[in-house]
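The values are calculated or read from the model by the stated rules, or taken from the named source; none is laboratory data. Owing to the predicted nature of the structure, the values given are computational and were not obtained by experimental measurement. For neighbour counting, all protein chains shown are included, and Cβ atoms are generated from backbone atoms with ideal geometry for every residue, glycine included. Calculation scope for accessible area: heavy atoms of the full protein, side chains included, ligands and nucleic acids excluded. Shrake-Rupley method; radii C 1.70, N 1.55, O 1.52, S 1.80 Å.
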Amino acid sequence: VTATTTKPERQLDPITFEVLRRSFEYAPERMSQVLQKASFSPIIYDMVDYSNAIFDPEIELIGQTANCPVHIAAMHFSARASLERFPLAGLEPDDIVILNDPYRGGTHTPDVTLTMPIFYRDDLLAIAVSRAHWTDVGGNLDTHIGGEGLRLPPLMLYRAGELNDELIEIIKNCTRTPQYVEGDIQAQIGALRAGRDEMLRLAHKYGADVVKEGMREVLDYTQRMTAAAIDRMPDGEYEGVDYVDSDGFSDDPVHVRVKLLVRGDRITVDLSASDPVTVGPINSPYGNTASAIYYSLKFFLSPDAPPNAGLYRQIDLTIPEGTWLNPSWPAPTFGCTTASSSKITAAIWKALAQAIPDRVIAPTCSECNWFLASASDPVTGELHVLSDLPAGGWGGTPFNDGMHVTMDPLGNCQNLPAETAEMLFPVRYNSYQMITDSAGPGKHRGGCGVRLEVEFLGRGQIITMETSRTREGSPGVNGGGNASRQRQLRKLAEGDVQTIGGLDDDGNWYPQMLGNVGFNPGEAFVFESGGGGGWGNPFERDPNLVLEDVRNELVSRERAADIYGVVINEALQLDADATANRRRQRS
Amino acid sequence: MIHLGIDIGGTFTDLFAWDAEASGSARVREVKVLTTPQDPSLAVMQAIQSAHIDASQIRSVVHGTTIATNALIERRYPEPALVTTRGFRDVLEIGRQRRRHLYDPYQVKPPPLIRRSRRFTVAEKLGADGATVVPLDRGEARHVAEQLAELELRNVAVAFINAYRDGRHEREMRDAILEVIPDAQIALSSETRPKVRELGRFTTTALRAALLPVVGDYLSRLEEKLAQAGCSAPLFIVKSNGGMMSADSAKERPEELIASGPAGGVAAGSYLSALLDAHSLIVTDVGGTSFEASLLEDGVGLVADETEIEWERPVVTPMLDIRSIGAGGGSIAWIDDGGSLRVGPQSAGADPGPACYGRGGTQPTVTDANLVLGRIDPTLGGKFRLDLDAAADAIRTVAEPLGLSVLECAEGITEIVSENMAMAIRSVSVDRGRDPRDHLMVAFGGAGGLHACQIARSVGIDRVLVPPFAGVACAFGATTMDVRHDLETTFYAAVDAADPAELTRSYTALEADVKALLEADGVPAADAAVERTAQMRYVGQSYEVTTPVPAGALGHADLAEIADAFNAVHEREYGVASTAFPVAFVTLRVTGTGRGHKPAPEDLAAAMRIDGNGAGSSVKERRRTYFAGHHHEVDVHDVERLVADQRIAGPAIIEQPDGVIVLPPDAVAIADPYRNVMITASEEKAA
């Protein structure tokens, strides 16, 4: 137990503060429960691709729920854009503004954001924001954001007790899944109201002034914890590079180059050396890039502090316009939330590996692998749209192995269960199983990736998939090795397999950004996700752990011998002498 | 003619006995003995002995046990195996690919229930419509059976994709295993819980396979000991769903015992609900390390269809919705990196325990706070000597950095832990569309009465009840239980498209099965009550709500009524409903109940009745306490010496044999004729 060195400036007694701190977490939790339970689209209710948050009257983040970190900081920009377009003076209680424009604080276009001011006795108490990934808002891979589907500027969705029905008609006209629109809007409105009710309960109990003071102090609190964590890092300049395999319209890798400048209790994140705006849709608008930077650092700065805008105060951003990480209209941005955010994280963690090598973990698979597909019913011809996001492994840590098949830091979404998929859509799920030898080797190895196989009963199509990590697997740190590469395959009805994205067995590489890839009835889309990077030298891994991995068929005997220097015989017993010899020879 | 309720907890094994032929308060016996973890049946027999019960006089034994839960938590079971569909070996390990902590880089997931090297796959596949896509490869099935035999694996889960539609491949696989391993214990997912979504069904089946030998061996041992002692009474086991089943049923359905421990408390709540004619209750139980809350509606505990027993390990048997948080007497107060006072979830446990126990604990706990505030007796009723100075020293370590006095800080600690407990109440009420303010709060557990008023105030509840048997509530509740079985089948059809005749047939088949189960548990068909519900959702949704369904032959008019009922339930649970969306059935459920051999409530109540004439005062001493920033000299009452309708105004303390009730200023308590203490916790603006 350590008390803080400087005594914080505080007006609330510690007990009221603690109660409010917890309540600011509870309000968005309630919002998410309502949204998940009342939603009509699988990507929300089953895959939980959404985030909810409460902001203070100055539009500073106060509390959020644990689903998609990449949504969170961008919400600050979308809430600001919403209230600039519709100033508070003209708003009534329960009015709601909708938007999804990536250039006004949106993330990729399917993420639709609803913003509602919460008034207590005519004064603005807080702002509730709900962002959810709708299954589809139209669009496809394009070189102009105009081709990425419906793009809503801030618009009134709900005003003076009335839903804007004309707007809803337009939205339904512009999506492949109009059947979900009204249900999802209803669910998001339910979420905003649940957040409102919780905040009003607090105001009623403590008074608005105390609640606002609590907001101020909870921001200071997170700021203090963040500053203390940065202060413990050695001052210096640390660099990290990562890349997206291609933008889908050229074969060139697109690099993010991070420089972290740690000075005292502040960090500057400088992305100036990153590549210019790209032709294809991986450009990441400022809000999306800022989100990615903040959550990537939070893992190592103040994971336990309340997730709020206090974190941002200790971090300075340099993201020049004209780089692909701060583009402007009409640059396309469809892959920003997935392929781009995760590379920012990996580059930052690689830089941190120099600053805090004993605390950093190896990069995760660094992809979320979200894809959108259509599948026609072989009998009725009815066209269904579905999506899924097969995760990869997490990186090894200083203390333990990385987690298998777990969502990237950018989100925390669930996969689509095979039985749900087969019940709702004309597809068969033939595999969702871990891949042997996919984990990055290390003293603490990464987690494994997964092989997903989706067979189309009628005609099928991968509408879009923005991903990467097909040229090289995720890197290890501190001597740990790379994980496996990702691959996109077509399995023919007779069983033959063709590579459609990534490296094939002959060393040919195919562009990994998929758009409008068709499948005949009986063909399957196969996706192999990557593992997480390894941590530390694999020769230092406890041979008994390698043996357990071999017995569990997570690691092959060949790889145990080659990469780990651990000799295991055909009866799956450890050969301790041969292992010692092998490790001695190679070290 | 004695009815026994027995509850085995982590520390104590509680016994509650009801003797119909004794008179007055001799009808009731309560005993606590130390739990014997190496063989829990030993403590059961010790408890019977120390209650001076003649085993031959026992008429029924109802037993709540954490044996299944503990085996699960510690992964202490004979190694099980899984056989599953090719391509799906890792469902049990991957879960739904979520991480538990959003920003913790070092987190790990709980180990899989069955390790990967013991998970086998075979080529087979049924479609979502139940049609054969790939027939079961018999050669491969035989080969897997031989591998199981070679590895000496005897308890096996068989869980195939889409087996909720049809179990024929799973049954073929079972036959293949039994040919090679005739004494194998095999759990099929199509028989365990035939519900759609593989993770929940696979997990539940794996759990059954893991627990079959554990629960089977334990119950056989207990039956043997009871028989040796001369007890020939039937043994019933408390189930997660709030009812009970025979020991024989429990040996076959061990996964239904996961919430067996706390379920007795909910039954005790049901009993109080009937006794006091109070329909809406929130039942709480405070222990040393955890706080539990559940909600009763019309006297019946709310049930959840799916419960995550560990991260991404959902069990899909109906379980009482009991929310548990790590907060209790042992919870440690600390200051976090941001300078904020926190309480729990770390606990000092029993060893070293709170600082005041004098066993080397130096960190301040909730118990230390209550001691320095004068809310608990430093001698614990003469049993023990608590170290007041050690408690104050421990609290000072957090009070000083915060600029608070020891007493201010101690009171803050009790407020924060009460607020944490209140969050558990919110989650079981507000999160499920119920307003906690409409409920009577019942406080169980020795420490239940310590914080009850603070917790109630925080959630806006104004009436709190502390019953006389609060310390052995689960054992007491066990004696009041009904036999209860829930059976389910998947029936996926839009209401508009559903054939009422087919629906009726499915229900009738379930009803026949549930009556057979009840009969096997000693409930004659004539005494069985059967109720239908359906788990339903809007077409395209994935979360179901439980909707009542009428009995008898169903017609089209009934379907419309069912859809209306669904909308009403959906509105309450989630706050929204819409007639614009079509509604679908997903799972049909039949709940069969049969009255157990339980004592009549009026007889039990009569035994609880205060017989005394109230000679002498109930005040045993005066004590200096601290409330809301001020010292008070308060009366300390002995609950056993209260008279009916006695009114006690706070601040005051009422001591029970195993617990304490704290009345803050403004609270008023009245003893009812059954020795229940009913408190009105008056609304007061917090902080």
At q = 0.18 Å⁻¹, work out log10 I(q)/I(0) for segment B:1-129 with the Debye formula, treating every Cα as an identical point scatterer and leaving solvent out; two decimals please. -0.96
What list of ³J(HN,Hα) values in whole Hz, one per residue of segment B:65-73 in order, does the Karplus curve 6.51 cos²θ - 1.76 cosθ + 1.60 (θ = phi - 60°) give from phi, with Gly and Pro shown as x? 9, 9, 4, 5, 4, 5, 4, 5, 4
Projected-area average for chain B over all orientations - Cα convex hull basis, square nanometres: 31.6 nm²
How large is the convex hull of the Cα atoms of segment B:101-144 per residue, expressed in Å³ as a whole number? 139 Å³
Pairwise centroid distance, computed over Cα atoms, of segment B:150-172 with segment A:160-217, Å: 46 Å
Accessible area of residue B:175, 1.4 Å probe, to the nearest 10 Å²? 90 Å²
Let's see if you can work this out: charge +1 on each Lys and Arg Cβ, -1 on each Asp and Glu Cβ, no other charges. What is the dipole magnitude of the protein assembly as shown about its Cα centre, in debye to the nearest 20? 1780 debye
Expected output for segment B:167-208, residues with a loss of 10 Å² or more in accessible area relative to the chain alone at probe 1.4 Å, reads B:196, B:197, B:198
Give me the one-decimal Kirkwood hydrodynamic radius in Å for segment B:391-434, with the sum taken over alpha-carbon pairs. 11.8 Å
Take every residue in peptide A:223-231, count the Cβ atoms of other chains within 10 Å of its Cβ, and give the average of those counts. 2
If amide H atoms are built 1.01 Å from N in the plane of the peptide, which residues on other chains or at least 5 residues away come under 5 Å of the amide H of residue B:239? B:244, B:245
Taking alpha-carbon centroids only, segment A:21-59 lies from segment B:74-139 a number of Å equal to 30 Å
Under 19 Å Cα-Cα from residue B:251, which lysines qualify once same-chain neighbours fewer than 8 residues away are excluded? B:225, B:239, B:515
Could you list log10 I(q)/I(0) for segment B:89-172 at q = 0.11, 0.13, 0.18, 0.19 Å⁻¹, which the Debye formula gives when each Cα is one point scatterer? -0.42, -0.55, -0.88, -0.94
Order by protection proxy (mean Cβ within 10 Å, highest first), peptides A:181-187, A:37-43: A:37-43, A:181-187
Dipole of chain B [Lys/Arg +1, Asp/Glu -1 at C-beta], most positive-end residue of B:536, B:618, B:87: B:87
Bins of 5 Å, beginning at zero and ending with the bin holding the largest distance: percent of Cα pairs per bin for segment B:254-347, please. 3, 13, 18, 18, 17, 14, 9, 6, 3, 1
Based on the alpha-carbon gyration tensor of segment B:367-504 and its eigenvalue square roots a ≥ b ≥ c, which shape applies: rounded if a/c is under 1.5, prolate if not and a/b is larger than b/c, or oblate? prolate
Principal axes of segment B:157-258: Cα extent on each, largest first, Å: 48, 35, 17
Just need the relative contact order of chain A here, percent rounded to a whole number, with Cα pairs under 8 Å and 6+ apart. 12 percent
Computed, not fitted: 222 nm per-residue ellipticity of chain B from DSSP H runs ≥ 4 (each -39500 (n - 2.57)), nearest 500, equal to -10000 deg cm²/dmol
Express the C-alpha Rg of chain A as a ratio against the empirical globular expectation 2.2 N^0.38 Å, rounded to two decimals. 0.98
Shape category assigned to segment B:315-397 from the gyration tensor of Cα positions, a/c cut at 1.5: oblate
When ligands, DNA and RNA are left out and all protein chains stay put, how many square angstrom of accessible area per residue does the protein assembly as shown have with a 1.4 Å probe? 34 Å²
Residues whose built amide H sits under 5 Å from the amide H of residue A:503, excluding neighbours closer than 5 in sequence, are A:510
Global geometry of segment A:111-250, whether rounded, prolate or oblate, following the gyration tensor of its Cα atoms and the 1.5 cut on a/c: oblate
Where nothing but the Cβ of Lys and Arg (+1) and of Asp and Glu (-1) is charged, how large is the charge dipole of chain B around its Cα centre, in debye to the nearest 20? 960 debye
Residue A:163 accessible area, nearest 10 Å², 1.4 Å probe? 70 Å²
Residues meeting the amide H criterion for residue A:152 (H placed from the backbone, H to H distance under 5 Å, 5 or more places apart or on another chain) are A:100, A:101
Cα convex hull of segment A:546-587: mean projected area in nm², to one decimal? 2.5 nm²
Debye, to nearest 20: dipole size of segment B:236-365, +1 on Lys, Arg Cβ, -1 on Asp, Glu Cβ: 500 debye
Ranked from highest to lowest mean number of other Cβ atoms within 10 Å per residue, what is the order of the peptides B:296-307, A:23-34, B:90-101? A:23-34, B:90-101, B:296-307
Probe 1.4 Å, all chains present, heavy atoms only: residue A:484 accessible area in Å², nearest 10, is 30 Å²
Accessible surface, 1.4 Å probe, highest first, among residues B:506, B:273: B:506, B:273
With every protein chain in place, segment B:417-459: carbon and sulfur % of accessible area (1.4 Å): 43 percent
Counting Lys and Arg as +1 and Asp and Glu as -1, what is the net charge of the other residues whose Cβ lies under 14 Å from the Cβ of residue B:230? -1
Taking each residue in B:77-86, count the Cβ atoms of any other chain within 10 Å of its Cβ, then average. What number comes out? 1
On each of the three principal axes of the Cα atoms of segment A:313-380, give max minus min coordinate, whole Å, ordered largest first. 59, 34, 20
Packing rank of A:488-494, A:123-129, B:625-631, A:382-388, where each peptide gets the mean count of other beta carbons within 10 Å, highest leading: A:123-129, A:382-388, A:488-494, B:625-631
Neighbouring partner chain Cβ atoms per residue of B:225-237, average, 10 Å criterion: 0
As a test of the definition: which semi-axes, in Å, follow for the protein assembly as shown when you take the square root of five times each eigenvalue of its alpha carbon gyration tensor? Largest first, please. 49, 38, 31
Vicinal HN-Hα couplings computed from phi for segment A:308-318 (Karplus, 6.51 cos²θ - 1.76 cosθ + 1.60; Hz; Gly/Pro x): 8, 5, x, 4, 5, 5, 9, 10, 9, 10, 10
Taking a probe of 1.4 Å and counting only protein heavy atoms, give the total accessible area buried between chains A and B in Å², rounded to the nearest 100. 7400 Å²
With θ set to phi - 60° and the Karplus curve 6.51 cos²θ - 1.76 cosθ + 1.60, what are the ³J(HN,Hα) couplings of segment B:203-215 in order, to the nearest whole Hz, using x for Gly and Pro? 4, 5, 5, 4, 5, 4, 4, 5, 8, 3, x, 5, 6
Calculated from DSSP helices alone, with each H run of at least 4 adding -39500 (n - 2.57) and the total divided by the residues of chain A, [θ]222 nm to the nearest 500 comes to -9500 deg cm²/dmol
Can you send over the carbon and sulfur percentage of the accessible area for segment A:434-587, probe radius 1.4 Å, protein chains only? 42 percent
What does segment B:516-558 give for Rg and for Dmax, in Å, if only its C-alpha atoms count? 14.9, 42
Carbon/sulfur fraction of accessible area - segment B:25-136, other protein chains in place, 1.4 Å, %: 52 percent
